Structures are given as structure tokens and as C-alpha cells.
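Chemist: Pasting a structure here, questions to come.
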Amino acid sequence: MKIKVLSLLVLILCLFGCNYIQSSIDIDDNSVVLKENSKIFIYPSPQPESLNLEEIDGGAKVQIIEEKDEWVYVKYSGGEGWVPKWYVLSDESKQIKDINSETRVLNQDIWGSLYPNGTKIVNLKKGKLLTPIKEWNGWYEVKIIVYDIPEVHIAWVPQNALSPVNEIQPIEGYLLSGTEVHEISEFEDISLTNSKNITYEMNVFIISEKDDYVLVGANGGWSAWTKKNTLIYIK
């Protein structure tokens, strides 16, 4: 009786072990190494309009679960999500480099891409402020100021499409906490209204200018007049 029980246990362990080995083989067959990079963004869905992104180390080994258009769904140690195919299928060996660059301004209308020379994902206008965070082979990965959610806030653009802020008039900027504003729509009413000081830093776009003032807008339809010299373009 003990022999039969032992034999049954051995059979069960064998079957379990065989299944485990087969599972490991399947994982290895679908595994790839991500392009060399410090960090790669992991998207919650196969679309670029997302603000809450996870990150994974470049060069990490991942398991491809699914492919959809320009995206692959991957599992890795610690999580899962979508990444552009370029990061797993590109045969380019050049490493993506982190850069510490101040904000720059677009010198032309251009489409931002999902990856270098890749799918166009966001229409960017001349004067848009962009902050380069990575560079690769004549391209910058940039952070984009956004005003709605969800919206594309990361894209790739050619390096030659960006200029120093003092060379091109920006169409947006930043208001620091404490900036004095007049929350009215008509410039002529400034002298008739009390000003207020904003209590947090704001990303704003320029609507119009008059004398020493500029009318700016922000999230949720907010707008106000402020002195031109209070609007900054580099943080």
C-alpha cells in the first residue's frame, strides 16, 4: 500500500514538474530584452493618451503576451502593461540617453511621434514649450504641457525642430504661485476689478496680449489677465 501511494506521489510530482518546465519554456520562447534605456514608460492601454504611467528599466527581460498595431503587451518582474513595439523589436543598437535639458520651444508646426520616425500621435504647434528628457539619433523624447485629461504628454520630435526660448515666441508658459492676476475677460475692466494672487504654479496658454498684459487660459476654461513679465517660459 505504501509503495502504491509513493508511486502515485512520484507520478503527481512528475506531471507537475513537466508542466512547470513546459511553462518555463513557453515564457522563454516569448521573452525579449527591451532596448537599452534608463527607463521605459509602461502604458495602461495601447494608446498614448495617458498621464499615469509606470516605468521599467531599459534592457529588462519581458514576456510578450499580445501585439496590437504599434504596441505589445508585456509582463515583467513587478508588473505588466503596454509598450511601443519599437522598444522591443528595434534592431538599432544605439542606446537612448537621458538628458538634463531646459525647456525649449518648437520652431515649426509638427507631429510628435510614438517613437523616432514612428506613428504620429500628437499635433504640436509652433511656439509650444517642450522639455527634452531623452535623446536618440537626432531625436528628442519630450514632455508636453497638457490642459486636459487624458492627453498625450510624452512624444518624440526631431532635435532640429526645437530652438532656445529666446529665439521663438512661445504660445504658452508658467505662472508661479503668488502671481497677481485679474480674472476677467475684458482688458478694459482691469482698472475696475480687484486682483488676486494664485496659490499654486499653473501651466497656461496665451490667448491674447494688450499693452503690458497678457490674457492666459488654463484647465477647465479658467482665464485671467496678468503682467507679461510675470509669465515665465523656463522652469
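Chemist: What is the set of long-range amide H partners of residue 121 at a cut-off below 5 Å, with H atoms built 1.01 Å from backbone N?
Modeler: Hits under the 5 Å cutoff: 112, 113, 114.
Chemist: Let me ask another. Can you give the charge dipole size of the range 97-167 about its Cα centre, rounded to the nearest 20 debye, using +1 on the beta carbon of Lys and Arg and -1 on the beta carbon of Asp and Glu? Intermediate values should be presented prior to the final figure.
Modeler: Details: 8 positive and 8 negative charges, 22 e Å.
In debye, rounded to 20, the range 97-167 gives about 100.
Chemist: A further question on this structure: Given a cut-off of 19 Å, name the pairs among 39/75; 85/120; 97/128; 61/134; 35/125 whose C-alpha atoms lie farther apart than that in the structure shown. Let's see the in-between values first.
Modeler: Values: 39/75 16 Å; 85/120 14 Å; 97/128 23 Å; 61/134 21 Å; 35/125 30 Å.
Those over the limit are 97/128; 61/134; 35/125.
Chemist: Please compute the Kirkwood hydrodynamic radius over the range 53-191, one decimal place, Å, based on all pairs of different Cα atoms. Don't skip to the answer; put the middle values down first.
Modeler: On the way: mean 1/r = 0.0575 Å⁻¹.
Here the Kirkwood hydrodynamic radius works out to 17.4 Å.
Chemist: Related question: Diagonalise the Cα gyration tensor of the chain and give the resulting equivalent ellipsoid semi-axes, square root of 5 times each eigenvalue, largest first, whole Å.
Modeler: Numbers: eigenvalues 535, 89, 33 Å².
After diagonalising the Cα gyration tensor, the semi-axes are 52, 21, 13 Å.
Chemist: In whole Å and largest first, what semi-axes does the C-alpha gyration tensor of the range 172-230 yield when each eigenvalue is scaled by 5 and square-rooted?
Modeler: Numbers: eigenvalues 51, 31, 24 Å².
Result for the range 172-230: semi-axes of 16, 13, 11 Å.
Chemist: List the trypsin sites (Lys or Arg not before Pro) within the range 80-132 that fall in a DSSP loop (any state other than H, G, I, E or B) and whose Cβ has at most 13 other Cβ atoms within 10 Å. Spell out each step's value before the answer.
Modeler: Details: sites: 85, 94, 97, 104, 120, 125, 126, 128; in loops: 85, 94, 125, 126, 128.
Taking the range 80-132 and a limit of 13 other Cβ atoms within 10 Å, the loop trypsin sites (Lys or Arg not before Pro) found are 94, 125.
Chemist: If you take the beta carbon distance between residue 211 and residue 70 as r and set R0 to 35 Å, what does 1/(1 + (r/R0)^6) give as a FRET efficiency, to the nearest 0.05?
Modeler: Values: r = 48 Å, r/R0 = 1.37.
E between residue 211 and residue 70, to the nearest 0.05, is 0.15.
Chemist: If you don't mind, another one. Working from Cα positions, state the angle (0 to 90°, nearest 10) between the long axis of helix 2-29 and the longest principal axis of the chain.
Modeler: Taking the Cα atoms of the chain, the angle to 2-29 is about 40 degrees.
Chemist: Residues in the range 95-131 near a label at residue 39, defined as backbone nitrogen under 16 Å from the 7 Å Cα→Cβ point?
Modeler: Only 96-101, 131 pass the distance filter.
Chemist: So if I place +1 on the C-beta of Lys and Arg and -1 on the C-beta of Asp and Glu, and nothing else carries charge, what would the dipole magnitude of the chain be about its Cα centre? I want it in debye, nearest 20.
Modeler: 740
Laboratory data are not the source of any read-out in this text; all were calculated from the coordinates shown. Remember, it's a predicted structure, so these values are computed and weren't measured experimentally. Neighbour counts run over all protein chains shown; Cβ positions are idealised from the backbone, glycine included.
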